[in-house]
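A short write-up of the structure that comes next.
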Amino acid sequence: MNMNRRMNIKRRLLVSAIALGITGALPVMASAADLMVIITPSPSNPFFKAEQDAANAKAKALGYETLVLSHDDDPNKQAQLIDSAITSHAKAIILDNAGADATVTAIEKAKAAGIPSFLIDREISKTGVAMAQIVSNNYQGAQLGANQFVKLMGEKGDYAELVGKQSDTNAGVRSKGYHDVVDQYPNMKMVAQQSANWDQTEAYNKTETILQANPKIKGVIAGNDTMALGAYAALKNAGRTDVIVSGFDGSDEVRDSILAGGIKATVLQPAAAESELAVEQADKFIKSGKTGAEEKQLFNCVLITDANAKKLNGFALAQ
Amino acid sequence: MPRYLAAAVCLALALAGCKIVPNAQGGDAAATQDDASLMAAKVQSVWTPKVLPYIAENAKNLDTVVAALKDGVDVAGAKYGRKAADLGAGWNFVVQGKGTIVAANLESRAAKLDVDTTGDGQANVTIQIGPIVNGTALRDALPFVQFTDYRDQIQFAKLARALNDMAVKAFPRPTGKPVGDTVTFTGVFSYAGDGQQISLVPTALTLGPK
């Protein structure tokens with residue numbers, strides 16, 4: 001047996017051992033298919049699960065073997081996972097990263113080992129390292145959401161803002177995007193702004209308190225859907241379903257609330273579409289040495305209201 | 001009032017007109033403030049030499065584009081437009097046209113004119129006359145603008161704002177009751193084929209007689 005064949009089998013055993021728990025099937029020992037490693041935050045958040053599922057399905061459809069992993073928003077764990085992608089001789093890494101600065105080093109290492117990275121959702125602080133950065137246009141999305149919020153508020157009134165987890169860049173990006181629009185309307189008055197840390201229960205409690213202190217409130221704009229759900233529940237409990245609530249992400253739960261006449265709007269980050277595009281560009285790069293696109297690509301968000309909520313499912317909008 | 005107090009009041013009033021620009025490392029608020037003025041300066045530098053010529057050279061007749069859109073946005077886009085750089089944003093069209101104002105909302109901060117260019121009495125385009133202009137159609141229509149050249153999506157968004165602000169400053173803002181007036185315009189819109197009303201960002205606008 002020559003050295004190459006032995007190396008192949010060893011590598012496939014390693015990959016199979018890791019993949020076994022995820023795929024539950026023993027791969028056939030045929031010619032080695034190319035490996036794509038998919039790394040995102042924990043799939044306990046349905047948004048990241050949607051990213052994983054879409055990337056996984058697309059890669060498999062294109063004939064790749066896959067390894068699907070979670071870094072749990074820990075840059076150290078992310079570095080370890082990227083190391084394992086290197087030792088597994090992956091052909092590409094699809095990544096929703098755990099930190100704009102920390103990630104640069106990790107994917108530079110992969111690049112030096114000949115493995116290109118294709119980033120989704122969030123940007124990193126350097127260009128020329130990843131082959132693609134397919135970035136969710138959170139700022140544009142926030143502007144869309146705020147626009148709708150202002151419209152529903154009739155361009156005037158008291159409102160509260162629930163901000164996401166301070167350590168998450170997107171919390172700040174979305175808040176800035178909201179204010180970019182709302183602050184241009186002098187009759188829109190923010191009476192409270194608090195972080196509910198992306199958490200539904202915290203949002204419920206904070207909204208209760210805010211409502212007691214500001215009974216004239218007319219609207220609540222939340223940095224994500226889980227906080228919007230918590231806010232709406234608190235308002236409903238207080239008999240204040242007149243208050244306009246909007247969120248961000250495009251989750252199935254908020255879709256259902258919108259269709260039931262509860263929450264008024266959310267903004268979809270097309271998680272599934274971004275993941276699929278990243279895998280397509282990785283495939284193109286592997287086959288031709290080019291992605292066919294600029295490195296940094298903004299992926300626009302879509303406003304979801306009762307007009308299109310029916311078409312929303314699993315962070316994807318049907319045509 | 002004691003003299004030192006008067007002096008302090010004068011000093012405070014004098015400083016009120018100053019903008020203390022924090023060090024760029026000073027945090028998010030500082031960075032955003034720098035972005036807005038940075039991007040405004042950038043737009044100043046490219047508006048006349050690059051933006052206006054591009055728009056003038058590429059403007060198609062709006063009615064031609066509207067007719068082509070009936071065949072589908074991809075058909076119309078391939079003929080008359082440019083694929084929007086932002087994914088999911090559809091196509092960008094640079095157009096010029098003339099029509100009658102059938103409705104106007106000048107009270108809103110995001111003032112709009114609804115215009116009929118086809119002569120059927122129905123508005124087929126909404127012109128955003130500001131001061132608040134929504135969307136990034138103008139930024140995304142310009143081929144010499146690339147996201148990769150900007151620090152992040154926030155700075156890129158500020159660029160869109162600076163371009164929109166520049167655009168609505170370019171013409172005198174309609175006042176009074178413009179319904180029934182004719183209007184001639186040049187501008188940009190983006191369209192994803194979703195059946196929404198065309199929302200135009202104008203770079204030139206002239207009101208005609210009633």
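Values computed for the structure shown
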| quantity | calculated |
| --- | --- |
| Residues satisfying the stated conditions in segment A:209-222, i.e. out of contact with any strand residue (DSSP E or B) (no Cβ under 8 Å at 6 or more places or on another chain) and open to solvent by less than 70 Å² (accessible area, probe 1.4 Å) | A:Leu211 |
| Selection within segment A:172-227 - closer than 18 Å to A:Gln140 by Cβ, more than 21 Å from the chain's Cα centre (by Cα) and of a type in the set (D, E, K, R) | A:Asp180, A:Asp183 |
| Strands (runs of 3 or more DSSP E) enclosed by segment A:54-142 - at least 3 residues per element that are touching a Phe, Trp or Tyr at 6+ places or on another chain (Cβ under 9 Å) and closer than 26 Å to B:Tyr150 by Cα | A:92-95, A:117-121, A:132-136 |
| Matching residues, segment B:105-143, being more than 13 Å from every other protein chain (Cβ to nearest Cβ), outside any helix (DSSP H, G or I) and open to solvent by less than 40 Å² (accessible area, probe 1.4 Å) | B:Leu106, B:Leu113, B:Val115, B:Asp116, B:Thr117, B:Ala123, B:Asn124, B:Val125, B:Thr126, B:Ile127, B:Ile129, B:Leu142 |
| Single unsatisfied condition, B:Ile154 versus (1) within 14 Å of chain A (Cβ to nearest Cβ); (2) among the β-branched types (Val, Ile, Thr); (3) open to solvent by 20 Å² or more (accessible area, probe 1.4 Å) | (3) |
| Residue pairs meeting the criteria (Cβ under 9 Å; at least 6 apart or on separate chains; first under 14 Å from A:Val104 (Cα atoms), in segment A:76-92; second open to solvent by 70 Å² or more (accessible area, probe 1.4 Å)) | A:Gln78/A:Asp72; A:Ala79/A:Thr105; A:Ala79/A:Lys109; A:Ile82/A:Lys109; A:Asp83/A:Lys109 |
| A:Gly292, sole failed condition from (1) within 14 Å of another protein chain (Cβ to nearest Cβ); (2) modelled with pLDDT of 95 or more | (2) |
| Residues located in segment B:47-81, provided they are more than 14 Å from chain A (Cβ to nearest Cβ), touching a residue at least 40 places away in the same chain (Cβ under 8 Å) and charged (D, E, K, R) | B:Lys50, B:Asp63 |
| Pick from segment A:190-205, criterion open to solvent by 60 Å² or more (accessible area, probe 1.4 Å) and assigned to a strand (DSSP E or B), ranking: nearest to A:Lys216 (Cα to Cα) | A:Met190 |
| B:Thr148 crowded, with 24+ Cβ neighbours inside 10 Å, hydroxyl-bearing (Ser, Thr, Tyr) and within 11 Å of chain A (Cβ to nearest Cβ) | no |
| Matching residues in segment A:140-182 - criterion: being within 12 Å of another protein chain (Cβ to nearest Cβ), among the acidic types (Asp, Glu) and within 22 Å of A:Thr207 (Cβ to Cβ) | none |
| From A:Ala112, A:Ala132, residue being at pLDDT 95 or above, surrounded by 23 or more Cβ atoms within 10 Å (Cβ to Cβ) and either more than 13 Å from every other protein chain (Cβ to nearest Cβ) or touching a strand residue (DSSP E or B) at 6+ places or on another chain (Cβ under 9 Å) (or both) | A:Ala132 |
| Residue within segment B:174-196 that is open to solvent by 10 Å² or more (accessible area, probe 1.4 Å), more than 14 Å from chain A (Cβ to nearest Cβ) and under 21 Å from B:Val43 (Cα atoms) present | yes |
| Single residue of segment A:263-296 satisfying the filter (among the basic types (Lys, Arg) and without any contact (Cβ under 8 Å) to a residue 40 or more places away in the chain) that is farthest from A:Asn308 (Cα to Cα) | A:Lys287 |
| Tally, over segment A:53-73, of residues that are touching a residue at least 40 places away in the same chain (Cβ under 8 Å) and touching a Ser or Thr at 6+ places or on another chain (Cβ under 6 Å) | 3 |
| Whichever residue in segment B:82-104 is part of a loop (DSSP other than H, G, I, E, B) and open to solvent by 30 Å² or more (accessible area, probe 1.4 Å) and, among such residues, is nearest to the other protein chains (Cβ to nearest Cβ) | B:Gly88 |
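To keep it simple, each residue is scored yes or no on (1) in contact with a strand residue (DSSP E or B) (Cβ under 9 Å, 6 or more places away or on another chain); (2) open to solvent by 20 Å² or more (accessible area, probe 1.4 Å).
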residue: A:Gln281; (1), (2): yes, no
residue: A:Gly289; (1), (2): no, yes
residue: A:Ala293; (1), (2): yes, yes
residue: A:Lys296; (1), (2): yes, no
residue: A:Asn300; (1), (2): yes, no
residue: A:Asp306; (1), (2): yes, yes
residue: A:Ala309; (1), (2): yes, no
residue: A:Gly314; (1), (2): no, yes
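So that you can scan it fast, the table gives a plain yes or no per residue for (1) open to solvent by 40 Å² or more (accessible area, probe 1.4 Å); (2) in contact with an Asp or Glu (Cβ under 9 Å, 6 or more places away or on another chain):
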{"site": "A:Phe149", "(1), (2)": "no, no"}
{"site": "A:Glu161", "(1), (2)": "no, no"}
{"site": "A:Ser175", "(1), (2)": "no, yes"}
{"site": "A:Thr226", "(1), (2)": "yes, yes"}
{"site": "A:Leu229", "(1), (2)": "no, yes"}
{"site": "A:Tyr232", "(1), (2)": "no, no"}
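Matching residues to (1) closer than 22 Å to A:Tyr64 by Cβ; (2) within 14 Å of another protein chain (Cβ to nearest Cβ); (3) at pLDDT below 95:
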site: A:Gln281; (1), (2), (3): yes, yes, no
site: A:Lys296; (1), (2), (3): no, yes, yes
site: A:Val302; (1), (2), (3): no, yes, yes
site: A:Thr305; (1), (2), (3): no, yes, no
site: A:Lys310; (1), (2), (3): no, no, no
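The values are calculated or read from the model by the stated rules, or taken from the named source; none is laboratory data. Keep in mind the model is a prediction, meaning the values are calculated, not measured. Don't worry about glycine lacking a Cβ; one is built from the backbone with ideal geometry, like all the others, and counts go over all protein chains shown. Keep in mind that these areas ignore ligands, DNA and RNA; they rest on the heavy atoms of the full protein, side chains included. Shrake-Rupley method; radii C 1.70, N 1.55, O 1.52, S 1.80 Å.
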